[in-house]
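**Q** Once you've had a glance at the structure underneath, I'll fire off some questions.
The values are calculated or read from the model by the stated rules, or taken from the named source; none is laboratory data. Everything quoted here is computed from the prediction, not taken from an experiment. Counting neighbours? That spans all protein chains shown, and the Cβs are built from the backbone with ideal geometry, glycine included.
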Amino acid sequence: MSGHHTLGTATLRERQASAVADTALRGKLARASEIFTTRKAGAFALIDDVDGLRQAARSIRSDINSRLPSVLERFADNVMAAGGNICWAKTGAEANAYIVNVAKRIGAKTAAKGKSMATEEIELNGALEAAGCEVVETDLGEWIIQLDEQTPSHIIAPAIHLDRYDIARIFDERANAGGIEPIPEVMNAFARGRLREKFLAAELGVTGCNLAIAESGSILLVENEGNGRMSSTLPRVHIAVMGMERIVETWAEADLIVNLLARSGTGQHISVYTNIVTGPRRPEDVDGPEEFHVVILDNGRSELLASDLHEMLDCIRCGACLNVCPVYRQTGGHAYGWVYSGPMGAVLTPLLAGHVEGSQELANASTLCGACMDACPVGIPLQDLLLSLRRTKAAKAGAAEKAGWRAWSAAWSHRSIYEASVVAATSPARKLAGSRVATKLVPGAGRWALGRELPTPASSSFRSRWKKGDL
């Protein structure tokens, strides 16, 4: 499904308007987000010093990223010492080419794939399919949306926008489920049977990487279904794709991050499966791949590391900011138009996909309420990063727009002009309140006014009431 993301095909405003108009979607998002946030609150309530834990995690992430090249080199050396292979991929195209070459060399006809946002980012599925290798998503949510030719709506819950009736329909229409009942246990059993056939047939297993541990050359996979474990052990070759920032130096650091990841993402104390992979199968091992490869993906991250927005690389991909964001909770992930959604996506997309038309406008998909930073387990100041992106975009505005804002700023910097303009605007505004006439008088205001009503000004201003002693 190469090229299946929607950036550039419609404006942010159009995508969001379509999502907000879907009341069923908004209901599903509200229920799922509430479950995540409630569970998270319960998991963190059992920790004595949450702020101290968050600060420790933030320090770890900042320290690692401040010396990332040397930490990555240590990791790569230890992967190779354990019998693994390393690919340094500057771009998504380089990563795809390496993985496709491995698939061709081993004659892979089927690839069992664990959930990975990095492979979504580089559109690996399309590259493998073009080379004649069937790709099967084995995470249940990912498999469901793959069947329906959709993309993930949430970074940890890809099918958050679907309910059991939607899923039963997809199984019937796309997987020949034969009128399956919309009962979770029944649908899970159906999916398990179909996917296990693919696990056993796959010559190639592809996973993401939640964390890499430099001191041992290990990767760590966090999941709840066991599909990551089977994708990394049953196929003859295992390839892990990791964003270059997804690394810690020691197991003690990994322990802290993993505990925060589970609690922040799903409200669990720890995920059901925490898989550790260190190299390929050894002679004494009863299972595991013959070959183990790690693709270390840059794809714009080096430029981000060197920029003022480098704190975004501290993200541990828990999805907590999505669950509390008032914009995401109304629109879902597809309205953002690319792989990453919510506040973290509104920052990452312009930085990693800045060449794609429409990516820069995503910084406007935020109320700047700060809920995302409060929810972030490593305290990334997402609202500050979004403001920085907005300032960058504003600096590229046309001459007429800049002149208009300068004139407005200069006028309202003088008290007399400000008061006169308020008086001049108040009477017409009362007459036009609740109508769309006013927006038609201002060029370009029509789209801005979608979903908004012109408020009715008070009968008298605060200043006039203050002078009269009415307060």
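**Q** Quickly run through the stretch 231-261 and pick out the residues that are in contact with a His (Cβ under 9 Å, 6 or more places away or on another chain) and surrounded by fewer than 20 Cβ atoms within 10 Å (Cβ to Cβ).
**A** 259
**Q** Same structure again: Could you check the stretch 287-319 and list, in sequence order, the residues that are assigned to a loop (DSSP other than H, G, I, E, B) and of a type in the set (Lys, Arg)? So that I can check it myself, show each step before the final result.
**A** Our first condition is that a residue be assigned to a loop (DSSP other than H, G, I, E, B); within the stretch 287-319, this holds for 287-290, 298-300, 306-309, 315-319.
Result: 317, single match.
**Q** Any idea which of 270, 247, 276, 239 is among the aliphatic types (A, V, I, L, M) and more than 30 Å from residue 39 (Cα to Cα)? Give the steps one after another, and end with the answer.
**A** Numbers: 270 fails: more than 30 Å from residue 39 (Cα to Cα); 247 fails: more than 30 Å from residue 39 (Cα to Cα); 276 fails: more than 30 Å from residue 39 (Cα to Cα).
Residue meeting the stated conditions: 239.
**Q** Identify, from the list 52, 8, 84, 42, the residue that is touching a Phe, Trp or Tyr at 6+ places or on another chain (Cβ under 6 Å) and more than 23 Å from residue 142 (Cβ to Cβ).
**A** Working: 52 fails: touching a Phe, Trp or Tyr at 6+ places or on another chain (Cβ under 6 Å); 8 fails: touching a Phe, Trp or Tyr at 6+ places or on another chain (Cβ under 6 Å); 42 fails: touching a Phe, Trp or Tyr at 6+ places or on another chain (Cβ under 6 Å).
On inspection, the qualifying residue turns out to be 84.
**Q** Only residues in the stretch 306-324 that are in contact (Cβ under 8 Å) with a residue 60 or more places away in the chain count as the first member; pair them with residues that are part of a loop (DSSP other than H, G, I, E, B) and among the charged types (D, E, K, R), Cβ under 6 angstrom, at least 6 apart or cross-chain, and list the lot.
**A** Listed pairs, sorted by first residue: 313/245.
**Q** Right, next: Kindly indicate which of 370, 337, 358 is buried (at least 23 other Cβ atoms within 10 Å of the Cβ) and closer than 28 Å to residue 24 by Cα.
**A** Being buried (at least 23 other Cβ atoms within 10 Å of the Cβ) and closer than 28 Å to residue 24 by Cα holds for just one of 370, 337, 358, which is 337.
**Q** Still on this structure: Which is buried (at least 20 other Cβ atoms within 10 Å of the Cβ), more than 30 Å from residue 82 (Cα to Cα) and of a type in the set (A, V, I, L, M, F, W, C), of 160, 180? Break it down into steps so the answer makes sense when it comes.
**A** Working: 180 fails: buried (at least 20 other Cβ atoms within 10 Å of the Cβ).
Answer to the check: 160.
**Q** Can I ask one more? Determine whether the stretch 114-130 contains at least one residue that is assigned by TED's automatic domain parsing to the domain that holds residue 201, among the polar types (S, T, N, Q) and surrounded by fewer than 17 Cβ atoms within 10 Å (Cβ to Cβ). First the steps, then the outcome.
**A** Just the residues of the stretch 114-130 that are assigned by TED's automatic domain parsing to the domain that holds residue 201, to begin with: 114-130.
From what's left, among the polar types (S, T, N, Q): 116, 119, 125.
Still in the running and surrounded by fewer than 17 Cβ atoms within 10 Å (Cβ to Cβ): none.
Checked the stretch 114-130: no residue is assigned by TED's automatic domain parsing to the domain that holds residue 201, among the polar types (S, T, N, Q) and surrounded by fewer than 17 Cβ atoms within 10 Å (Cβ to Cβ).
**Q** Next up: Filter the stretch 322-333 for residues that are assigned to a helix (DSSP H, G or I), of a type outside the set (Phe, Trp, Tyr) and farther than 12 Å from residue 12 by Cβ and give the result.
**A** Within the stretch 322-333, the first condition is being assigned to a helix (DSSP H, G or I), and the residues that meet it are 322-324, 328-331.
Retained after the next criterion (residues that are of a type outside the set (Phe, Trp, Tyr)): 322-324, 329-331.
Correct list: 322, 323, 324, 329, 330.
**Q** Still on this structure: Given the conditions (1) modelled with pLDDT of 60 or more; (2) farther than 26 Å from residue 463 by Cβ, which single one is not true for residue 440?
**A** (1) is the only condition that residue 440 fails.
**Q** Which residue out of 422, 347, 356 is outside any loop (DSSP other than H, G, I, E, B), β-branched (Val, Ile, Thr) and closer than 30 Å to residue 22 by Cα? Steps first, answer last, please.
**A** Working: 422 fails: closer than 30 Å to residue 22 by Cα; 356 fails: outside any loop (DSSP other than H, G, I, E, B).
Within the list 422, 347, 356, the selection yields 347.
**Q** Have a look at 84, 107 and point out the one that is buried (at least 21 other Cβ atoms within 10 Å of the Cβ) and either touching a helix residue (DSSP H, G or I) at 6+ places or on another chain (Cβ under 8 Å) or at pLDDT 95 or above (or both). Can you show your working first?
**A** Working: 107 fails: buried (at least 21 other Cβ atoms within 10 Å of the Cβ).
Every option except 84 fails the conditions.
**Q** In addition: Quick check: is even one residue across the stretch 243-256 of a type in the set (Asp, Glu), assigned by TED's automatic domain parsing to the domain that holds residue 52 and under 26 Å from residue 342 (Cα atoms)? Before the answer, list the steps.
**A** Initially, the stretch 243-256 is screened for residues of a type in the set (Asp, Glu), giving 245, 249, 253, 255.
Those left that are additionally assigned by TED's automatic domain parsing to the domain that holds residue 52: 245, 249, 253, 255.
After this cut, where a residue has to be under 26 Å from residue 342 (Cα atoms) as well, the list is 245.
Checked the stretch 243-256: at least one residue is of a type in the set (Asp, Glu), assigned by TED's automatic domain parsing to the domain that holds residue 52 and under 26 Å from residue 342 (Cα atoms).
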